[in-house]
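Q: Below: one structure in structure tokens.
Read-outs throughout are calculated quantities, based only on the coordinates presented, and are distinct from any laboratory measurement. A quick note: this is a predicted structure, and the numbers were derived from the prediction, not measured. Note that each Cβ is placed from the backbone with ideal geometry, even for glycine, and that neighbours are counted across all protein chains shown.
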Amino acid sequence: MASNIGSEGSVYNANLSRYADQSLIPPLLGPQGDSINSDIHGKAFTAAWRGNLFWANRTAVTIPVVTSGVTSVFTLWNPPSSGVIAEMFDTEIGMVLATTVVDVVGWYFSPPQLTAAGTFTTPGVAGTNFGSCRIGDAVNNKVQFYSAYVHSGTPVRADIIGSFGATTDPTSQLPSKFYEGRLLLPPGIAMSICMSTAAGTSSGLDPSCRWAEWPAI
């Protein structure tokens with residue numbers, strides 16, 4: 001009978017296993033001989049576990065309409081020397097007032113030269129409006145969150161998060177998006193959440209996002 005030497009795995013309780021980095025171990029199997037892989041966790045688990053996944057959010061703000069020199073209330077900036085690229089995981093827009101503005105809400109960016117010419121007004125506060133998704137850990141993010149940033153020129157829309165289709169939205173279908181690797185923020189660029197047509201309801205929206213940081217290629 002042919003031998004499958006080298007293809008055997010070991011049955012382990014994955015909830016009790018923790019190996020040091022660079023350990024050499026056989027494939028892990030469940031009690032039915034099922035292969036254990038990263039699907040035992042969510043897609044963002046590794047980044048969160050390693051302290052490379054971050055969150056930012058704000059409460060009851062007026063999201064501005066995109067225009068030349070717009071002052072953003074929610075900006076991510078990847079400094080030129082960060083050494084990382086930011087992978088956007090998700091973005092959500094919550095509502096604290098029933099009245100909305102018929103609008104598209106999205107991420108708008110400035111190229112490196114215009115990003116550098118902008119005004120970095122108010123940095124985020126760790127543990128208050130941004131932090132690590134490994135809750136309670138010290139924050140070691142390279143990409144910076146700003147609760148106020150003034151763009152130089154008119155930023156360009158890179159992504160549509162969602163839209164509001166009525167002036168009073170009684171549903172819970174609020175703008176939100178998971179990116180699955182489709183939105184990356186390279187070094188030297190700032191991008192902000194803005195409205196397409198008119199500013200959002202005064203003090204009516206709660207923007208939120210999560211991003212992971214990986215070595216820049």
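Q: Among DSSP bridges having both ends in the chain, what percentage is antiparallel? Round to the nearest 5. Kindly include the intermediate steps, with their values, before the conclusion.
A: Values: 53 of 57 bridges.
Of all bridge pairs located within the chain, approximately 95 percent are antiparallel.
Q: Another question, if that's okay. Just one of [x] 1.50; [y] 1.18; [z] 1.24 is Cα Rg over 2.2 N^0.38 Å as worked out from the coordinates here. Which one is it?
A: [z]
Q: Ranked by Cβ crowding within 10 angstrom, fewest neighbours first, how are Met95, Met191, Met88 ordered?
A: In order of increasing Cβ crowding within 10 Å: Met95, Met88, Met191.
Q: Follow-up. Using the beta-carbon distance between Arg157 and Ala116 and R0 = 25 Å, what value does 1/(1 + (r/R0)^6) give for FRET efficiency, to the nearest 0.05?
A: Plugging the Cβ-Cβ distance into 1/(1 + (r/R0)^6) gives 0.75.
Q: Now for a different question. Find the Cα radius of gyration of region 18-68, compare it with 2.2 N^0.38 Å by division, and give the number to two decimals.
A: Taking the Cα Rg and dividing by 2.2 N^0.38 Å, one obtains 2.04.
Q: If R₀ is 41 angstrom, what is the calculated FRET efficiency for the pair Ala148 and Tyr19, using the beta carbon separation as r and rounding to 0.05?
A: 0.40
Q: Report the equivalent ellipsoid semi-axes for region 15-138 in whole Å, largest first, defined as the square roots of five times the eigenvalues of the gyration tensor built from alpha carbon atoms.
A: Equivalent ellipsoid semi-axes, largest first: 38, 20, 14 Å.
Q: Let me have the 222 nm mean residue ellipticity of the chain computed from DSSP H runs of 4+ only, each contributing -39500 (n - 2.57), with the sum over all residues rounded to the nearest 500. Let's see the in-between values first.
A: Values: 2 runs with 11 residues, N = 217.
Only helices count here, giving -1000 deg cm²/dmol.
Q: Assigning unit charges at the beta carbon (Lys, Arg +1; Asp, Glu -1) and nothing else, what dipole magnitude in debye, to the nearest 20, does the chain show about its Cα centre?
A: On the way: 10 positive and 14 negative charges, 77 e Å.
The dipole magnitude comes to about 380 debye.
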